[in-house]
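Below: the structure, in C-alpha cells.
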Amino acid sequence: MGNILISLNQEEEDLLRNMAQKKYGSKKGSISTIIKEALNELKTKEKRENAKRKFLETIEKGINLGFKGKVYSKREEIYD
C-alpha cells in the first residue's frame, strides 16, 4: 500500500473530514475509507459510461441480422 500526499483548501478538508466523521465516526482510517469509496464510485461510473457509449455506438451502427439490406414487408417472405 502506498502513501499519497494531497493538498486541499480548508473548505475541502473540512468537507472530507466531516463526511468521514458522519459515516465512520472517529475510527482510524475513516478518511482513507471514504476516499477509497469515492474512487470505487468513479470507477463504477466510468464503466457505466463506457457501456452506455458502446451500446449507443451499436445502436447507431445497427446490428447485422443477416438480411443483407433487404427489407421484407411480410413475414412469409422471410420463410420461403
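The values are calculated or read from the model by the stated rules, or taken from the named source; none is laboratory data. The model shown is predicted, which means the values in this text are computed figures rather than measured ones. Heads up, the Cβs are rebuilt from the backbone with ideal geometry, glycines too, and the neighbour counts pull from every protein chain shown.
At least 1 residues that are basic (Lys, Arg) and touching a helix residue (DSSP H, G or I) at 6+ places or on another chain (Cβ under 7 Å) in each: list the helices (runs of 4 or more DSSP H) lying fully within the chain that qualify. Break it down stepwise before answering.
Numbers: elements: 10-24, 30-61, 75-78.
Fully inside the chain and qualifying: 10-24.
With the requirement that a residue be under 30 Å from residue 16 (Cα atoms) and polar (S, T, N, Q), what does region 38-80 give you? Those that are under 30 Å from residue 16 (Cα atoms) and polar (S, T, N, Q): 40, 44, 50. Filtering region 24-53 to residues that are over 21 Å from residue 6 (Cα atoms) and at pLDDT 95 or above leaves 44, 45, 46, 47, 48, 49, 50, 51, 52, 53.
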